[in-house]
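Engineer: Dropping a structure here in structure tokens format, bear with me for questions.
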Amino acid sequence: MKIIKGDLIQLALSGRFDIIIHGCNCFCSMGAGIAQQIRKTFPPAFQADLETGSGDRTKLGNYSSASIKISETPLTIINGYTQYHYSGSDVLADYDAVAALFSRIKMNFSGKRIGYPRIGAGLAGGNWKTISKIIDHQLAGEDHTLVKYLSLQK
């Protein structure tokens, strides 16, 4: 896993990645965190989320996606279903779903430049050490980068 500081969305818009992935709940909200920013910047990604069943637990570990072009450069936005719901003080991240998601990403997007935030470790409250090990294992041999959001840096 490469680690850089920056803004995942701006880096995607500049052509740094072929694929960006963010974690979603299963209720088609995309109303907070980076999901909300993706919803505003890439409306087709939100539309792809809306086309899935709201509250469908079987989405966990799967994804919806939208492919767009930025200055003739293709970009795929992955809505990864890594948590069931979005409320409460418990850990909302589902580690098995994270593993299943990244296994699917490797199977379907091998060889692509992949960028993501700290999926499951922000609003979902998951343990980043655990999640990063899962991602590294599932994406072994791939070009994948954690983008640490600048405003979150101390």
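Engineer: Quick one: in region 30-56, of everything that is more than 16 Å from G122 (Cα to Cα) and among the small types (G, A, S), which residue is surrounded by the most Cβ atoms within 10 Å (Cβ to Cβ)?
Structural biologist: A45
Engineer: Only one of (1) surrounded by fewer than 16 Cβ atoms within 10 Å (Cβ to Cβ); (2) at pLDDT below 95 fails for M1. Which number is that?
Structural biologist: Result: M1 passes all but (2).
Engineer: To continue, here is another question. How many residues are over 25 Å from D96 (Cα atoms) and either in contact with a helix residue (DSSP H, G or I) (Cβ under 8 Å, 6 or more places away or on another chain) or in a strand (DSSP E or B) (or both) when one looks only at region 43-84?
Structural biologist: Adding up the residues that qualify gives 7.
Engineer: Can you tell me which residue is modelled with the lowest pLDDT among those in region 32-42 that are touching a helix residue (DSSP H, G or I) at 6+ places or on another chain (Cβ under 8 Å) and either aliphatic (A, V, I, L, M) or within 15 Å of S87 (Cα to Cα) (or both)?
Structural biologist: Here the residue is I34.
Engineer: Can you name the condition, by its number, that H22 falls short on among (1) in contact with a strand residue (DSSP E or B) (Cβ under 6 Å, 6 or more places away or on another chain); (2) at pLDDT 95 or above?
Structural biologist: (1)
Engineer: Looking at region 4-29 only, could you name the residues that are hydroxyl-bearing (S, T, Y) and surrounded by 14 or more Cβ atoms within 10 Å (Cβ to Cβ)?
Structural biologist: Answer for region 4-29, where residues must be hydroxyl-bearing (S, T, Y) and surrounded by 14 or more Cβ atoms within 10 Å (Cβ to Cβ): just S29.
Engineer: Please state which of the following conditions Y95 fails to meet, knowing it meets all the rest: (1) of a type in the set (S, T, Y); (2) surrounded by fewer than 21 Cβ atoms within 10 Å (Cβ to Cβ); (3) closer than 20 Å to F42 by Cα; (4) out of contact with any Gly (no Cβ under 6 Å at 6 or more places or on another chain).
Structural biologist: (3)
The values are calculated or read from the model by the stated rules, or taken from the named source; none is laboratory data. Owing to the predicted nature of the structure, the values given are computational and were not obtained by experimental measurement. Quick reminder, even Gly has a Cβ in these numbers, built from the backbone with ideal geometry, and neighbours come from all protein chains shown.
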